[in-house]
Structures are given as C-alpha cells and as structure tokens.
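First up is the structure itself, then whatever we jot down about it.
The numbers here are math on the coordinates, done by the rules we state, and not lab data. Quick caveat: nothing in here was measured; it's all calculated off a predicted structure. FYI the Cβ positions are ideal-geometry reconstructions off the backbone, even for glycines, and counts take in every protein chain you see.
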Amino acid sequence: MTPVNKAVARALMVKNAAGRGADLATQVGTAVSRGYRSWSTPQAALKRKVRSARRRRGVWAAGATATGAFTAYQVATVVSTGVTPTLIATGLITVVLFVWCLLAVVRAVTDLRSRRRELAALAPELPARHPVAVEIRADIDRLTGYSDGLRGLVSMIGLDGDSPATRELRTDTLQAADAAENHLRRLADDHSSLRRVRRTAPAAARDSLEQAAKDLERQIRAGVAEYGDLVTAASATVGAGQMLRDQARPDGGELLSSTRERITALSLGMRELAGQGEEPGSG
C-alpha cells in the first residue's frame, strides 16, 4: 500500500471512529434525558412515595412490636415482684412509646392507602424509551411527541366527568396506545441492533443487513405515520366532545354515544397497529 493509500485509509478510520463517537455521545445524552424524564414522572414520584410509606409502616410496626413486648414483660415483672418506682417510671415511658408507635403505624397505613389510590387513578406509566440509531431518530422523536400529546388528550375524554365508564374508556385507550408504541419501539430496537451489527460485519454480509435495516425503517415510518393519524383523529373527537359539553346541546346523548364509538375505534386502530387486534366478540 502506497503512502497516499495509507493516509486515505487512516483518514477514513478516523472519520468512522469520530462518527461512531458522536453517535454514541448523542445516544448517551438521549438516554440520560429520557431517564430523568422517566424518574420525574408523576407515576415514578408516587411509586417512590408508596415505597417510603411502606418502609415507614414496617419501621413503626417493628417499634410497636418491641415496645409492646417490653410492656408485657414489665407487667409480668410487676405481678411476680410487686410495684416499684423504677417499674412505674419505665412502664409509663414504654406505654407512651408503644402508643406513639401505634399511632405512627396508623398514619403510615393511611398514607400508604392514599398513595396507592392516587397511583391507581393516574394514567399508566410511559413505555420504555431507549436510544435508537440516528437513521430513525427523527421518526422515534415524532412518535414520542405523538404519544405525549395523546396522553394529554385522553385525560379530556368523556362528557360525564370521572364516571367508571369514562375511566375504563381512558384506560383502555391508553393501554392500546402503549401497546402500539411498544411495538414500534421494539422495531426501532431491532433496527438499531442491525445497524450496530452491520458496522462490524464482514463485507459479504453487509448488503443483506443493510436491506433488512431499510425494511425496518419503512415499517417504522409507516407505523409512526399511522399512529400520528390516529392521534389526529383522537384530537378531533375530543375537541368535538369538549364543544358538546360547553354547549350542552339537547342531542347530547346521541353525540356522546358517537364520541364513545370513535374513541373505541381509536383503541381498535391502536391494537391493529400493534398487531394485537382481536375479532369483535372474541374472548
């Protein structure tokens, strides 16, 4: 190899290494950003509060058990040896500590139940969002925007407030949307893995890996576009429902039924996108 060829090869190696380094830095930054977002969501914050309340309940329950056992021991001592000033003083202190621990257990249990109710009332937690290859990053960022927007829309579904039927409809819609998003993100993970494998694969295998990655890109872009169309339809449906609520129209019952049907159709569309569609009436 001539010195010129060596210099060209060295320059190409440096360029490829710099490109991989920049891509890796971008992926790390994206992962940190998304990790912080996941940590700071209302669901994650409430889960931490639930764990804290559970720990407090365990600690105070252990304290109540210990002070209760010591109180019982002191009562047995009084029965066997009689009352003494020391036993009276320690007994009073132990009883006070026992009551304090019992009250703390009650507070911790009440707080735990309250936190669990709040957690159950929240929307499902966001699907896992991993860094992806640069070729599909714009598509996955668009999917993230659609998903966040849909979560805001779903909270406005329903003309009848927070009735059980409305909560069930919201939960069903979010579960279907999360299933579709998870499906697209699994495809994105597969695509990113193919891209990483292709970089170090033998030259003879690169063409087939490139074709497989291109096929996945087309599936992901089509899926994200379909997801966006469904979110747009949801936006129109929710907007119509809000107008109906504000105007209090006399044909509200019929329009409410129509709104529910369109939201149900949205859920079915999301399930079909996720490859989990079921025949009506199955199960």
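Between beta-carbons, use under 14 Å as the cut-off and find the net charge around Cys101, counting Lys and Arg +1, Asp and Glu -1.
That sum, taken over residues with Cβ under 14 Å, equals +3.
At a 10 angstrom cut-off on C-beta neighbours, averaged per residue, how do the peptides 45-53, 186-194 rank from highest to lowest?
Descending mean neighbour count gives 186-194, 45-53.
Order these peptides, 218-230, 173-185, 65-77, by their mean beta-carbon neighbour count within 10 angstrom, highest first.
Per-residue mean Cβ counts within 10 Å order the peptides as 173-185, 218-230, 65-77.
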